[in-house]
1. Just rank K321, K328, K56, fewest to most, by other beta-carbon atoms within 10 angstrom.
2. With a point put 7 Å past each Cα toward its Cβ, work out how far L52 is from E74 in nm, to one decimal.
3. When Lys and Arg each count +1 and Asp and Glu each count -1, what net charge do the other residues less than 9 Å away from G10, Cβ to Cβ, add up to?
4. Treat each spin label as a single point 7 Å out from the Cα along the C-beta direction, and report the M84 to S369 distance in nm.
5. Which value does Rg/Rh take for segment 73-150 over its C-alpha atoms, Rh per Kirkwood?
6. Checking the cross-link filter: which aspartates and glutamates have an alpha carbon closer than 15 Å to that of K95, excluding same-chain neighbours under 8 positions apart?
7. Calculate how steeply helix 305-323 sits against the longest principal axis of the alpha-carbon atoms of the chain, using the helix alpha-carbon long axis, and give the answer as 0 to 90 degrees to the nearest 10.
8. Starting with the highest mean, order 155-162, 330-337, 111-118 by the number of other Cβ atoms within 10 Å, averaged over the residues of each peptide.
Amino acid sequence: MLYDIIILGGGPAGLAAAVEAYDEGAQNILILERDLELGGILNQCIHNGFGLHTFKEQLTGPEYAERYINQVKEKNIPYMLDTMVLELEDHGDTKIVHAINQEQGYMLLETKTAILTMGCRERTAGAIGIPGYRPSGVFTAGTAQRYINMEGYMVGKEVVILGSGDIGLIMARRMTLEGAKVKAVCEIMPYSNGLVRNIVQCLDDYDIPLKLSHTITFIDGKNRVEGVKVMQVDEHLKPIPGTEEYIPCDTVLLSVGLIPENEITRDADIAIDPRTNGPIVGELRQTDTPGFFACGNVVHVHDLVDYVSEESVLAGKGAAKYLRGELKTDANFETVNGEGISYVVPQHVCVDNLEQDLTFYMRVRNVYSDVVVNAVIGDEIIATKKSRKFLPAEMVNFKIKKEVLEKYPDGKITFRVDPKEAKK
Ligand SMILES: Cc1cc2nc3c(=O)[nH]c(=O)nc-3n(C[C@H](O)[C@H](O)[C@H](O)COP(=O)(O)OP(=O)(O)OC[C@H]3O[C@@H](n4cnc5c(N)ncnc54)[C@H](O)[C@@H]3O)c2cc1C
């Protein structure tokens with residue numbers, strides 16, 4: 001059987017893309033998910049705070065996922081669980097997806113398009129190279145979250161968390177609610193990498209200290225963690241001699257960043273943007289290899305799942321347009337990250353494919369107040385995004401009206417941080 005669309009991953013991105021592609025008329029869609037259930041990482045996120053933008057409600061992760069799972073089931077979109085995708089092959093109009101599961105064994109599935117939605121994984125202790133032994137009791141925050149919320153295991157009693165990304169902050173509160181003592185959250189940067197609301201609700205409300213400009217320099221303990229050495233760092237992130245503090249603990253949780261899961265993407269020779277570590281995509285999340293689309297955390301790490309859903313609708317639309325032969329391929333614009341911007345998605349835009357205004361997602365490099373982010377073509381500022389503060393932890397959503405983009409024939413759109421007074 002030749003599928004219209006195979007979706008790699010049944011997390012929020014895969015589900016939203018499937019639903020949209022179906023609504024746009026695509027048939028023979030198949031979702032492949034390696035886990036035992038649909039919903040992706042949301043299944044372990046039992047706290048609330050999801051869906052404020054999409055549904056104007058406070059939902060837990062599983063509740064948010066359920067809304068999309070129900071739609072997939074109502075539309076009878078087929079999915080295979082416990083099925084791992086191993087490889088993608090591009091043969092022009094046909095793609096081959098290599099996948100495996102216990103019932104069907106090794107499968108070669110043929111499809112006209114594929115949407116990549118494999119999400120991301122956490123950086124581990126190995127990736128950041130903390131000195132010390134390799135005792136038990138060191139977990140990534142997401143692994144601890146899965147153990148506690150899904151598998152029913154408590155991972156420790158006295159905890160130090162390295163990194164103040166959102167998962168670390170949420171786990172500081174979760175461990176406390178489960179009876180553990182969280183002694184400190186250490187963050188090497190002078191600012192937190194988590195959302196302000198999570199610092200207030202997960203640390204401040206529980207009197208958990210956040211040590212900015214601090215890092216763990218040694219993990220002590222041979223069989224089980226016994227403690228950590230923590231030091232203050234200077235502006236070059238180097239530990240400052242004499243600031244050493246020993247904190248006894250039995251558990252270290254790491255919340256030190258996420259990496260888009262793109263081994264399959266790289267093997268298929270789909271172009272990757274080194275700034276995002278995800279595939280280069282256009283306005284409808286088409287990759288640079290025709291027939292492959294990508295959305296969600298596999299493209300860039302999102303702060304809120306609502307934006308994942310928003311982006312995945314575009315990929316579903318794009319795949320359906322491609323199947324109808326309506327997807328235009330000539331991009332008018334390339335996006336460029338100017339001063340203060342670390343990445344911009346999409347990386348290129350074909351205005352003819354736009355049905356509505358286009359949102360560009362980006363992150364700033366530093367903490368900024370009294371600035372704006374400007375979109376510039378040539379010497380002209382075509383749009384401005386204002387905010388009281390721009391933080392690296394908070395993705396910037398920058399909408400530009402379709403009619404504004406239509407005024408310019410082609411070129412580069414540079415996004416940059418400017419002082420507030422920069423005139424149009
Ligand atoms: C611990 C944690 C806490 C979070 N808390 C919040 C929050 O409070 N509020 C909020 O809005 N957002 C939160 N998020 C973010 C939100 O969960 C993500 O933005 C969202 O889940 C990303 O969706 P996704 O579909 O791109 O990726 P994922 O949810 O990761 O889904 C990817 C899916 O692909 C599957 N997969 C990967 N590779 C393969 C393969 N080779 N074969 C088959 N299947 C594969 C995976 O099993 C997974 O199900 C949190 C994220 C994490 C990690």
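1. K56, K328, K321
2. Taking the simple label geometry, L52 and E74 are separated by 2.6 nm.
3. Details: positive: R34; negative: E33, D35, E37.
Cβ neighbours under 9 Å give a net charge of -2.
4. If labels sit at M84 and S369, their model points lie 5.0 nm apart.
5. 1.12
6. D4, E87, E110, D267, D269, D288
7. In the chain, helix 305-323 runs at an angle near 30 degrees to the longest axis.
8. Details: 155-162: 23.0, 330-337: 17.5, 111-118: 27.1.
Top to bottom by mean Cβ count within 10 Å: 111-118, 155-162, 330-337.
Values in this text are rule-based calculations from the coordinates and carry no lab data. Quantities reported herein were computed from a predicted structural model and do not represent experimental measurements. Cβ atoms come from the backbone with ideal geometry, glycine included; neighbour counts cover every protein chain shown.
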